[in-house]
Amino acid sequence: MLKLTPILLALAYGLILWRFSAWRTARQLDAQSSPLDDPAMEKLTARMARALDLPRLRVHIFETPAINGLAAPDGRIFITRGFHTALKQGAVTEQELASVIAHELGHVALGHSRRRMIDFSGQNALRVGLAMVLNRILPGIGAAIASGLTSMLMARLSRADEFEADAYASALLTKSGIGTAPQKSLFAKLDKLTGAGGAKTPAWFLSHPPAAKRIAAIEANEKKWSGA
């Protein structure tokens, strides 16, 4: 039993941290967001809603200057104020921003958004548990190895989720009559957009795969779907 104690403690820590993180994230989203009020965007979201056989899509603006999108654990879709400002300034188009919403819908539909909260809340617990075990075998460096292994695992899971959500978005955009061209054109400018402002991104936003790889994956799906 004593041998299992570090692992049990890590699991308990992860559960407590998960519940606290979910509560804190929900409160932050409620306090710092408002419904998207943009007629041009609402026309595009209505097209996607019809493609999904839904009455409407509810999209919110999260008040941060960072450029990103978010699928909350409760299923709500958010785009940041920074992204909407980029739209108003002509840096992105309505169709490109619609592709972000479609991507976040993919995270919800595929169950990523709920799992992400568990993944990120449990990351520290996993790190602590591994460090406790590895420090017994490799004193002094066990914690560093545990940290590296945990980071590598989480990065791989995040990238896989992003590619899956991209594929979902491509299918939805195609079915909606919007097409994948805005999705690819946004990725082509995304590095410049996200690197220009220097705004701090909330901890619960994920890192994304390189834009070139995402575009290549979309084009591979297009060829597969068309039978080429």
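Just so it is clear, none of the values below were taken in a lab; they were calculated from the coordinates. All of these numbers come straight from a predicted model, not from anything done at the bench. Positions of Cβ are generated from backbone atoms using ideal geometry, with glycine treated the same way; all protein chains shown enter the neighbour counts.
For region 78-83, 3J(HN,Hα) computed residue by residue from phi via the Karplus equation (6.51, -1.76, 1.60; θ = phi - 60°) reads 10, 10, 7, 4, x, 5 Hz, glycine and proline entered as x.
For region 38-109, the dipole from Cβ point charges (+1 on Lys and Arg, -1 on Asp and Glu) about the Cα centre works out to 140 debye, to the nearest 20. Between Thr80 and Phe62, Asn68, the built amide H atoms are under 5 Å apart, and every one of these is 5 or more places off in sequence or on another chain. Each Lys or Arg adds one and each Asp or Glu takes one away; over the other residues whose Cβ falls under 10 Å from the Cβ of Ile215, this sums to +1. The 3J(HN,Hα) values that the Karplus relation (6.51, -1.76, 1.60; θ = phi - 60°) gives for region 86-100 are, in residue order, 4, 5, 5, 8, x, 6, 9, 9, 4, 5, 5, 5, 4, 5, 5 Hz. Gly and Pro appear as x. Computed from phi, the 3J(HN,Hα) profile of region 174-186 under the Karplus parametrisation 6.51, -1.76, 1.60 (θ = phi - 60°) reads 5, 5, 7, x, 8, x, 8, 4, x, 4, 6, 5, 5 Hz, with x in place of Gly and Pro.
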